[in-house]
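Before I ask anything, let me first share the structure, which is written out below as structure tokens.
Just so it is clear, none of the values below were taken in a lab; they were calculated from the coordinates. Keep in mind the model is a prediction, meaning the values are calculated, not measured. Please note: Cβ atoms are built from the backbone with ideal geometry, for glycine as well, and neighbour counts cover all protein chains shown.
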Amino acid sequence: MAISLNSLRPAKGSTHKKKRVGRGPGSGLGKTAGRGEKGQKSRSGYSRKVGFEGGQMPLHRRLPKRGFTNIFKKQWLEISLGALDKHFAANDEITPEVLHDKGLIKKAKHDVVVLGNGEVSKPLRVSAHRFTKSAREKIEKAGGAIVEIAS
């Protein structure tokens, strides 16, 4: 039998009927609709806070605090030489803005570092905030030029 869109069905036993609560005593979920009698959880509008443990001291408050996050840490966006060689033609001017426009780096505001992964087969003019030693050598060996942007 050929499979077509109109013959597709879920596997047997993988789907269940929707539970319809509060639809009379014969359903087994009438009157209180499975919420029990009294208490906070039986009321409308109840929503439990994330991590609430019934009044017990929650896990995120029981555990000790450790370390800190340095908000002044410099964020580097890495790009490999292989990616530059693949996406750009010979003698192209490559800047962080161009890399961002092509989708090779996510954010244009962070500093860019060029890594020496991969090979360069054509001369490229690359502007970045930092170059690794191997990246610098490979670009210059291929006849390209590098410009370090002061950050």
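Just a yes or no: is a residue in segment 61-75 within 19 Å of Ala135 (Cβ to Cβ), in contact (Cβ under 8 Å) with a residue 12 or more places away in the chain and not in a loop (DSSP other than H, G, I, E, B)?
no
Additional query: Evaluate the following for Gly143: is it free of Cβ contacts under 8 Å to residues at least 12 places away in the same chain, of a type in the set (Gly, Ala, Ser) and out of contact with any Leu (no Cβ under 7 Å at 6 or more places or on another chain)?
No; evaluated as a whole, the condition is false for this residue.
The rows are residues; the columns are (1) more than 23 Å from the chain's Cα centre (by Cα); (2) of a type in the set (A, V, I, L, M); (3) closer than 19 Å to Ser151 by Cα.
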position	(1), (2), (3)
Val21	yes, yes, no
Gly36	yes, no, no
Arg66	yes, no, no
Lys74	no, no, yes
Asp85	yes, no, no
Lys102	no, no, no
His110	no, no, yes
Ala128	yes, yes, yes
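Tell me, which strands (runs of 3 or more DSSP E) wholly within segment 86-151 include 1 or more residues that are crowded, with 18+ Cβ neighbours inside 10 Å?
In segment 86-151, the matching strands (runs of 3 or more DSSP E) lie at 111-115, 125-128.
Further question on the same structure: Any idea which of Gln75, Gln56, Gln40 is under 30 Å from Gly103 (Cβ atoms) and either exposed (fewer than 10 other Cβ atoms within 10 Å of the Cβ) or touching a Ser or Thr at 6+ places or on another chain (Cβ under 8 Å) (or both)?
Residue meeting the stated conditions: Gln75.
Continuing with the same structure: If you go through segment 76-85, how many residues are over 12 Å from Val126 (Cα atoms) and part of a helix (DSSP H, G or I)?
So the count comes out to 2.
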